[in-house]
Amino acid sequence: MLRYTEKIQETAKRLLQEKRVDAFIGYGKGSVPMMNQPLMVSDPDRVDRLYWDNFCGLNLCNYLTKRTDKVGIVANGCNSRNIVTHIIENQIKRDQLYIVGIPCEGMIDHRAVMRAVKQKEILDIQQNGKTFVVKGADFEETFEKEKFLQSNCAVCIHRNPVIYDELLGDLVEEQTGVSPYQDVEKVEAMDPEKKQGFFTRLISRCIRCYACRNACPLCYCPTCFVDESRPQWVGKSSDPTDTLTFHFLRAYHCAGRCTDCGACERVCPMGISMRQFTKKLNKDCQELFSWEAGLTLDQRPPLDVYRPDDYNDFIK
């Protein structure tokens, strides 16, 4: 992880000094362990604030929308796929970007780590290849990284960046034999009543803070549907029907666009597994249209085009 940090800093400094970019977007070390934060640097003398480890889980593409300057950006697999989506959706132009690709082996789930240390205060974390050491005032424990990956990272099959101008490391071997939709299939097998109960329980803790929406790189609408007042599409109370409607509608807005980056779940203060909504739609897009978001600039998303040979069995 240290080598990636040094390479990112060196690359950002070179790009800024050579005026090839006006700003560089990456990650900075958080003020507390496991909470790294997005960081934009425009001064070559401040690139030492850039940082990389297995807690860089937020999606940086939030900061690309409608930019007019030249931008350098760090991109692992899911970040790069969202960059492709932003280019396709005309949120930024390809020639504005200098993409620094980083092969990724997954991000660590900070909640899983906290559970493992029984919610004790963590003062420091040191990563050593496939393991990491967690230190507190009166404890020190070593864990295997593979057992603490975020749920989206555990089933990710696109760990390498799909688009980049410069690659900072060797491509990693992509995962095979994983079942990315195993949890979705369990829900699909339920009868309608059990499905309703499943999703009702899933969002029962939601406090409507909209952190999921704010962290999602796909939610760039100037006014979100939930904030519209004329007409008011959905109530803003904590009523279960309003809450469920919000999550369903937001998921449908991401249909054919979601890269399963996990940012929504990472920021949820209530720990809700809201990927259950978007993963079902990802599965449908793959099965019905052979489509995965953000893999190519040469093809439009399935919900953006019409073809006579589209799957039409649902039309009566």
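Nothing in this text is a laboratory measurement; each read-out follows from the coordinates by a stated rule. This is a predicted model, so every value here is computed, not measured. Using ideal geometry, Cβ is built from the backbone for each residue, glycine included, and neighbour counts are taken over all protein chains shown.
Structure summary
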quantity: Dipole of region 179-316, positive direction: furthest Cα of 211, 302, 264, with charges on the beta-carbon; calculated: 211
quantity: Where chymotrypsin sites (Phe, Trp or Tyr not before Pro) in DSSP loops with at most 10 other Cβ within 10 Å are excluded, longest remaining stretch of the chain; calculated: 1-305
quantity: Residue-averaged 222 nm ellipticity for the chain, from DSSP H runs of 4+ at -39500 (n - 2.57), nearest 500; calculated: -9000 deg cm²/dmol
quantity: Dipole magnitude of the chain, debye to nearest 20 (Cβ charges: Lys/Arg +1, Asp/Glu -1, about Cα centre); calculated: 720
quantity: ³J(HN,Hα) computed for each position of region 136-147 - Karplus, 6.51 cos²θ - 1.76 cosθ + 1.60, integer Hz, glycine/proline x; calculated: x, 5, 10, 7, 8, 9, 10, 10, 7, 4, 4, 7
quantity: The chain: Cys lacking any partner C-beta under 4.7 angstrom; calculated: 56, 61, 104, 153, 156, 206, 209, 221, 224, 268, 285
quantity: Integer Hz, Karplus 6.51/-1.76/1.60 couplings in order for region 232-237, x for Gly and Pro; calculated: 8, 6, 8, x, 9, 7
quantity: In sequence order, calculated HN-Hα J values of region 111-125 (Karplus, 6.51, -1.76, 1.60; Hz; x Gly/Pro); calculated: 5, 5, 5, 4, 5, 5, 9, 6, 6, 6, 5, 9, 9, 7, 9
quantity: Around residue 265: net Lys/Arg minus Asp/Glu count, Cβ-Cβ under 14 Å; calculated: +4
quantity: Mean-position separation - Cα centroids, region 129-182 and region 32-73, in angstrom; calculated: 19
quantity: From the coordinates shown, semi-axes √(5λ) of the Cα gyration tensor in Å corresponds to which of (1) 26, 21, 19; (2) 32, 26, 20; (3) 36, 29, 17; calculated: (2)
quantity: Within the chain, percent of DSSP bridges classed antiparallel, to nearest 5; calculated: 65
quantity: Loop-located GluC sites (Glu not before Pro) in region 172-242, at most 13 other Cβ atoms within 10 Å (DSSP); calculated: 173, 174, 228
quantity: Under 5 Å, built H, 5+ apart or other chain: amide partners of residue 27; calculated: 39, 51
quantity: Qualifying trypsin sites (Lys or Arg not before Pro) in region 1-108, DSSP loop, other Cβ atoms within 10 Å at most 14; calculated: 19, 20, 66, 93
quantity: Dipole in debye (nearest 20) - region 1-45, about Cα centre, beta carbon charges: Lys, Arg +1; Asp, Glu -1; calculated: 160
